[in-house]
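Worksheet: one structure, shown below.
The values are calculated or read from the model by the stated rules, or taken from the named source; none is laboratory data. These numbers were taken from a predicted model, which means no experiment stands behind them. When we count neighbours, we look across all protein chains shown, and the Cβ atoms used for this are built from the backbone with ideal geometry, even at glycine.
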Amino acid sequence: MRISWPGRPLVADGVVAVLVLALGGGTSLTAVRGADPLLWVALLAVSVWLSASLAFRRVRPTGAFVAGSIAMLVLVALPDIPGDVSPVLLPFSLIYPVLLYSVVAYAERSALPVLCGLLGAAIVVARVLFDYPEPAIDWPAVVGLGAGAVGSVLAAWALGRYRRIRVAYVRSLEERAAQAEQLREQQVRDAIAAERRLIAREIHDVAAHSLAVVLAQADTARLVFDRDPEKARAMIGTAVEVGREAMGEMRSMLGVLRAGDESIETGGDIAELVEKFRGTGADVELVGTGTPREISTAQRHAVYRIVQESVTNALKHVGSGVSCRVALDWGADRLVVAVSDDGPGTAADLTARGGYGIVGMAERMRQIGGDFVVRSEPGAGTEVRAEFGYSAR
């Protein structure tokens, strides 16, 4: 199995810590060969301590920084090594800026470690000054040391801050990309669901309307066949004609679907639709008030289907002897469509508990920003009412 080092920071940093201990610690301890044995052992322990802190700089950045700070304080407190040099100036002290960088880059809070780093730089300078007798102070060297110590702290803070900001920025981009992908997937699902509802409504409107008329004509023809064969043949002819028209509408709709068109524009003029119903022997009255206005294709299609479905439902549930009234009220800013019948009515809430036809009519009105309701009372018939503003689309 391939090992991904960035995914295992403790392993990667542990390997680096061992290498630093072998190289940097070895170099530092070689420089103090002539030191007191106890001091040499103490420096060995501090070098191991700092290297171990380096191994945990990403998985436990705050703890590693605290451990490194304690190690640096121990170095400041130790006596000078041969050559009157403070142990804090040995090479393995460079681990401390790395720990400071890590706590700024990976920990939640980084202000306090920076202050500790600056304080540590001041302590290092003070320790070096303490080693110099007053007349022999090499001020350029001390100033250079102070500038280097403060500069290393600020550089570690700046680099850690940069990495922290960059990681947050990349993470925000990834989150936005994931959200955008989820949004696209949801839009695709919504589009598919809308298309399925559209197809279901169209098939229901065409098939239910035509079958209701065909069944009504065939049933009436069966009843009058013996006493009036001519009328029965006429009704059968009407049923055949309606069936052929339905097949033509279905072919047209399926052709549009295969072509990938975004809309199915079946339907037509309300007056022609009413005449078709009358041709089947149904008693349908069309009433219009106000001045007709220009409406969108979607609105016109919705009105056509609502009238078609409402009259078909009356014929299907009440029978061919039902009387229907289709009223179009062209108001100043909205059109009201009302289809009523003189059937027995019902006490059920048809708007909330209706079948596919009523659900489809309600969906059509929602799509164009309109309102839809079905009212029915026992002995008072049923009324389907839909209205929408001319500005709605």
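So which residues in region 267-322 are assigned to a helix (DSSP H, G or I), polar (S, T, N, Q) and surrounded by 20 or more Cβ atoms within 10 Å (Cβ to Cβ), if there are any at all? Matches in region 267-322: 299, 308, 310, 312, 313. Of all residues in region 240-252, none are surrounded by 14 or more Cβ atoms within 10 Å (Cβ to Cβ), at pLDDT 80 or above and either among the hydrophobic types (A, V, I, L, M, F, W, C) or outside any helix (DSSP H, G or I) (or both).
From the list 176, 171, 196, 164, which residue is in contact (Cβ under 8 Å) with a residue 24 or more places away in the chain and among the charged types (D, E, K, R)? None of the others qualify; the one that does is 164.
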